[in-house]
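Trainee: Below you will find the structure I want to go over with you.
Read the figures in this text as sums done on the coordinates, not as results from a lab. Bear in mind that the values here come from a model prediction, so they are computed numbers and not experimental data. Here the Cβ positions follow ideal geometry from the backbone for every residue, glycine too, while neighbour counts run over all protein chains shown.
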Amino acid sequence: MSSGTLGSGNALAMAVLNAIQNPVILVDAAGHIAFANWEAEAFFGASASHLARYRVSTFIPFGSPLLALIDQVRERKAPVNEYRVDLSSPRLGQDKLVDLYVAPVLSEPGSVVVVFQERSMADKIDRQLTHRAAARSVTGLASMLAHEIKNPLSGIRGAAQLLETSVEDEDRALTRLICDETDRIVSLVDRMEVFSDERPVDRAALNIHSVLDHVKAIAKAGFARNIKIVESYDPSLPPVYANRDQLVQVFLNLIKNAAEAVGDKVDGEIQLTTAYRPGIRLSVAGSREKISLPLEFCVHDNGPGVPSDLLPHLFDPFITTKTNGSGLGLALVAKIIGGHGGIVECDSQASRTTFRVLMPVSKDIAQDDRYPAQSTGSN
Ligand SMILES: Nc1ncnc2c1ncn2[C@@H]1O[C@H](COP(=O)(O)OP(=O)(O)OP(=O)(O)O)[C@@H](O)[C@H]1O
Ligand SMILES: [Mg+2]
């Protein structure tokens with residue numbers, strides 16, 4: 001029935017439905033999308049009259065729980081809700097995680113109303129928390145690789161070096177190649193070994209700005225020699241309770257990525273910011289407790305941005321777009337920050353990419369009167 005068939009006397013009902021900021025559709029007994037409000041048109045990327053020509057199954061990924069849900073509601077003649085349903089598809093786009101509210105329209109047998117609620121921030125953060133699991137999954141692999149690959153590799157390398165002394169000149173290039181490649185693999189395995197290191201680390205109350213200054217100095221002396229790095233710090237930030245070496249590693253990885261993204265762009269710039277944001281409280285899946293992560297440290301760059309297909313897996317190990325990248329940089333960042341009870345997330349658009357590290361303050365600092373839980377910090 002698309003927009004019109006609600007009847008002309010129902011202009012108010014139409015206006016109400018269109019004012020709702022959630023997609024709402026009516027699926028009739030034949031499975032057609034008989035009505036779609038404005039939000040639903042935007043959600044499906046088609047006009048209500050276009051939608052009305054097709055069955056709902058045309059727009060929803062095959063096998064989606066929504067179709068089963070509609071049948072279930074028709075049968076039971078009672079509303080059913082389902083949460084966190086993934087409707088991602090080439091047509092609807094990525095990251096379409098929604099809550100579904102499906103109810104029968106009793107005056108129109110077989111018709112059901114579907115309201116979609118797009119899940120956003122809370123779920124993004126949930127997903128960030130799962131990066132910790134991703135980092136953990138490398139752990140076992142790393143220790144296995146250390147044993148099973150490094151030892152035989154040193155044998156291979158030794159044999160190649162022995163051969164080098166007895167082969168003709170033209171074959172020497174080949175023995176060199178064997179040595180160079182084994183060295184490369186050993187250094188990769190060395191980087192992965194960090195993941196299997198589960199020893200508790202020493203932590204102390206640190207001034208994050210001294211950590212960032214140190215990392216900036218390293219960057220300026222090397223990979224970011226020609227890139228402008230600007231700072232915008234909140235000088236009153238309370239200390240962060242962390243392991244200094246690990247934090248240096250985190251910000252080195254983030255700044256190195258930023259520098260690689262900026263490349264030799266003329267107005268390329270990396271920005272480091274710190275802020276106190278006591279408002280950020282997160283629910284942790286499986287727990288009623290909310291954690292507060294008021295310390296915010298960001299690395300921004302104005303490079304081309306993270307390719308959108310990479311975003312959902314960005315912190316997984318071995319995700320890389322670089323010819324010589326190992327894809328372990330961000331996985332390590334996620335592991336270290338997770339180990340400190342914080343989270344790391346990424347916002348990326350062309351010319352503005354932000355990696356945001358959120359950390360808790362240590363307990364004794366949290367009780368310090370200078371940092372009341374409800375202050376607004378500096379922003
Ligand atoms: N600031 C950024 N801008 C754009 N893309 C980025 C940025 N940071 C990371 N990426 C993307 O994320 C991928 C993964 O980064 P990660 O640091 O984990 O690995 P890598 O940099 O490719 O390799 P490695 O860090 O091991 O040298 C990169 O290959 C790049 O495509
Ligand atoms: Mg990297």
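Trainee: Which of the peptides 160-166, 319-325 is most tightly packed, and how do the rest follow, judged by the mean count of other Cβ atoms within 10 Å per residue? Please report the intermediate quantities before stating the final value.
Mentor: Values: 160-166: 12.6, 319-325: 10.7.
Going from most to least packed, we get 160-166, 319-325.
Trainee: Let me ask something else about it. Mind scanning LYS150/LYS216; LYS220/LYS256; LYS216/LYS265; LYS265/LYS322 and naming the pairs with a C-alpha gap bigger than 22 Å? Show your work: numbers first, answer last.
Mentor: On the way: LYS150/LYS216 33 Å; LYS220/LYS256 11 Å; LYS216/LYS265 19 Å; LYS265/LYS322 17 Å.
Where the Cα-Cα span goes over 22 Å, the pairs concerned are LYS150/LYS216.
Trainee: Report the local net charge at PRO104: Lys and Arg +1, Asp and Glu -1, summed over other residues whose C-beta lies under 10 Å from its C-beta.
Mentor: Details: positive: ARG74, ARG76, LYS77; negative: GLU75, GLU108.
For residues surrounding PRO104, the net value is +1.
Trainee: While we're looking at this one, here's another question. Which order do the peptides 102-111, 66-75 take when ranked by the mean count of other beta-carbon atoms within 10 Å per residue, highest first? Numbers along the way, then the final one.
Mentor: Values: 102-111: 14.6, 66-75: 16.9.
Per-residue Cβ counts within 10 Å, averaged per peptide and sorted highest first, yield 66-75, 102-111.
Trainee: Farthest toward the dipole's positive end in segment 3-118, which of ALA46, LEU100, ALA19, given Cβ charges of +1 (Lys, Arg) and -1 (Asp, Glu) about the Cα centre?
Mentor: Going by the charge dipole, the pick is ALA46.
Trainee: Mind putting a number on the dipole of segment 204-368 about its Cα centre? Charges go on the C-beta only, +1 for Lys and Arg and -1 for Asp and Glu, and I need it in Debye to the nearest 20.
Mentor: Numbers: 16 positive and 17 negative charges, 31 e Å.
That gives a dipole near 140 debye.
Trainee: Quickly work out the GLN117-to-THR323 label distance, labels modelled 7 Å from Cα along the C-beta direction, and quote it in nm with one decimal.
Mentor: Modelled inter-label distance: 5.0 nm.
Trainee: With labels modelled as points extended 7 Å from the Cα through the Cβ direction, what inter-label distance (nm, one decimal) is found for ALA30 paired with SER196?
Mentor: About 6.4 nm separates the two model spin labels.
Trainee: Could you rank the peptides 85-92, 152-159, 26-33, 252-259 by their average count of other C-beta atoms within 10 Å per residue, with the highest value first? Mind showing how you got there, number by number?
Mentor: Values: 85-92: 14.8, 152-159: 13.2, 26-33: 18.9, 252-259: 22.0.
Result, highest mean Cβ count within 10 Å first: 252-259, 26-33, 85-92, 152-159.
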